[in-house]
Structures are given as structure tokens and as C-alpha cells.
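First up is the structure itself, then whatever we jot down about it.
The values are calculated or read from the model by the stated rules, or taken from the named source; none is laboratory data. Remember, it's a predicted structure, so these values are computed and weren't measured experimentally. Virtual Cβ from ideal backbone geometry, glycine too; neighbours counted across all protein chains shown. Heads up: the accessible areas ignore ligands, DNA and RNA and are worked out on the full protein's heavy atoms, side chains in. Shrake-Rupley method; radii C 1.70, N 1.55, O 1.52, S 1.80 Å.
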Amino acid sequence: IDFSAQGYSNAQDINSFKGSVVTITFDKGSNRNNPKYYTTGTAVRVYGGNTFTVSATGKTIKSIAMTFSSGEGTNAISSDTGSYSDGNWTGSASSVTFTVEGTSGHRRLKTIAVTFN
């Protein structure tokens, strides 16, 4: 999923992406800012405290690879299941929720690639 190819407007709030199998749901979580798409960096900015959930309909996810745009922050990202490190998640789940740690800063989420069992 390449967020720059979705036709989003600059500074558009992003609530979800729905593909044929994969859905990504974005939530502001504990931050006052909603995740937003910006043309600077062509990425969805997920702020400290925001969450995003990657889920698959009728399939088991075994890995998720994320790329980030330049100019992004250094906030840690955690997952509610499996193992996450440096943009790569591995495990076995139908749904994974990621949290951008901290109360300020952001990550610029450019692409997400999902691999199934």
C-alpha cells in the first residue's frame, strides 16, 4: 500500500484505508491530532499517541514491512502482538495494532507491505 498513490489531499485526515483484503484503521489515540496525509514527504503522519491497525479479512498476516519518508521523527513504534523492529513486524495474526510512542513528534508512514501465511 503506497499512501502517495491513494489520491489524498494535503493535510487530509486519514481514518482508514480499505483494500480487497487489507484494512488499515488510523486513530488519534491519546494525541489531539488525527493522523494526516501530507504531500511533503508523501506520507501519512502518525503522531505520538496515535495508533494504526492492520487487519486482513480471511487471512493470517505473517509479516508487515513499513517504509518511512524522509524528515520523519524518531518516535518508537510498538505492536500489540508479534515482534516489531525497525519497520518490520513478524508474527501470526489477523490484526495487529501499532502505537506510535511518546506525546509529541511523529512518524511519516510511506508504504505498508503485508505478507500472509
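Step by step: first the residues of the stretch 89-105, then only those that are part of a strand (DSSP E or B) and more than 16 Å from residue 51 (Cα to Cα), then the one that is least open to solvent (accessible area, probe 1.4 Å). Which residue is that?
93
In the stretch 54-75, which residues are within 23 Å of residue 9 (Cβ to Cβ), touching a residue at least 40 places away in the same chain (Cβ under 8 Å) and of a type in the set (Ser, Thr, Tyr)?
Those that are within 23 Å of residue 9 (Cβ to Cβ), touching a residue at least 40 places away in the same chain (Cβ under 8 Å) and of a type in the set (Ser, Thr, Tyr): 67, 69.
Does residue 20 satisfy the criteria of being open to solvent by 40 Å² or more (accessible area, probe 1.4 Å), closer than 16 Å to residue 1 by Cα, free of Cβ contacts under 8 Å to residues at least 24 places away in the same chain and of a type outside the set (A, V, I, L, M, F, W, C)?
yes
Are any residues in the stretch 39-53 out of contact with any Ser or Thr (no Cβ under 8 Å at 6 or more places or on another chain) and touching a residue at least 60 places away in the same chain (Cβ under 8 Å), and if so, which ones?
Across the stretch 39-53, the qualifying residues are 44, 45, 46.
If you scan the stretch 54-78, which residues turn out to be among the hydroxyl-bearing types (Ser, Thr, Tyr), within 12 Å of residue 22 (Cβ to Cβ) and buried (at least 17 other Cβ atoms within 10 Å of the Cβ)?
Once the filter is applied, which keeps residues that are among the hydroxyl-bearing types (Ser, Thr, Tyr), within 12 Å of residue 22 (Cβ to Cβ) and buried (at least 17 other Cβ atoms within 10 Å of the Cβ), the stretch 54-78 yields only 55.
Limited to the stretch 7-17, what total is found for residues that are surrounded by 13 or more Cβ atoms within 10 Å (Cβ to Cβ) and not in a strand (DSSP E or B)?
Count: 2.
Any idea how many residues of the stretch 90-117 are farther than 11 Å from residue 60 by Cα and free of Cβ contacts under 8 Å to residues at least 40 places away in the same chain?
1
Of everything in the stretch 79-88, what is part of a strand (DSSP E or B) and surrounded by 13 or more Cβ atoms within 10 Å (Cβ to Cβ)? Give them in sequence order.
79, 84, listed by residue number.
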